[in-house]
Amino acid sequence: MVLAALNFGAVALGVAAGALTASILALTLSGLLIVVGVESGADIGLVIGVVIGLAAAGWVAGSRAVHSHRFHGMVTGLLLAFLIMITARLGGSPAPTPTVVWLAVFSIIISGAGGWLAGRRTSKARDHR
């Protein structure tokens with residue numbers, strides 16, 4: 001069973017770290033871009049914050065996992081995408097279904113890459129011991 005191999009603590013920590021990173025970065029960048037006078041600074045800051053937050057989530061989950069680093073990153077990204085979709089729907093977002101599917105696929109790819117990179121780093125560190 002696949003879920004038996006899942007380290008729920010690593011995934012939970014990854015989701016928390018990714019959400020915090022995305023929130024802080026989105027707020028900071030949006031504010032700076034608006035102050036500078038960029039017309040759609042809030043949207044640009046949000047997108048950059050979410051992308052970096054997804055990568056950070058995958059990295060944290062992958063680095064905390066003992067095995068299947070990419071898988072842990074992917075599951076974390078999918079959970080974050082789900083949270084983003086719920087938040088957007090409750091906020092009245094009119095996002096069409098293809099956009100929501102694109103977000104899920106994009107989240108899996110970015111967070112999976114972060115988990116894979118973290119796994120490579122931790123594997124190399126174990127090999128040098």
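Regarding Thr21, is this residue part of a helix (DSSP H, G or I), open to solvent by 30 Å² or more (accessible area, probe 1.4 Å) and within 21 Å of Phe8 (Cβ to Cβ)?
It is true that Thr21 is part of a helix (DSSP H, G or I), open to solvent by 30 Å² or more (accessible area, probe 1.4 Å) and within 21 Å of Phe8 (Cβ to Cβ).
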Answer yes or no as to whether His67 is under 30 Å from Arg120 (Cα atoms), in contact (Cβ under 8 Å) with a residue 24 or more places away in the chain and assigned to a loop (DSSP other than H, G, I, E, B).
-> yes
So which pairs qualify, if the first residue must be in segment 5-17 and surrounded by 23 or more Cβ atoms within 10 Å (Cβ to Cβ), the second must be of a type in the set (Phe, Trp, Tyr) and assigned to a helix (DSSP H, G or I), the Cβ gap must be under 9 Å, and the two must be at least 6 apart or on different chains?
-> Gly14/Trp59
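The values are calculated or read from the model by the stated rules, or taken from the named source; none is laboratory data. Keep in mind it's a predicted model, so treat the numbers as computed, not measured. Virtual Cβ from ideal backbone geometry, glycine too; neighbours counted across all protein chains shown. With ligands, DNA and RNA removed, areas are computed over all heavy atoms of the protein, side chains included. Shrake-Rupley method; radii C 1.70, N 1.55, O 1.52, S 1.80 Å.
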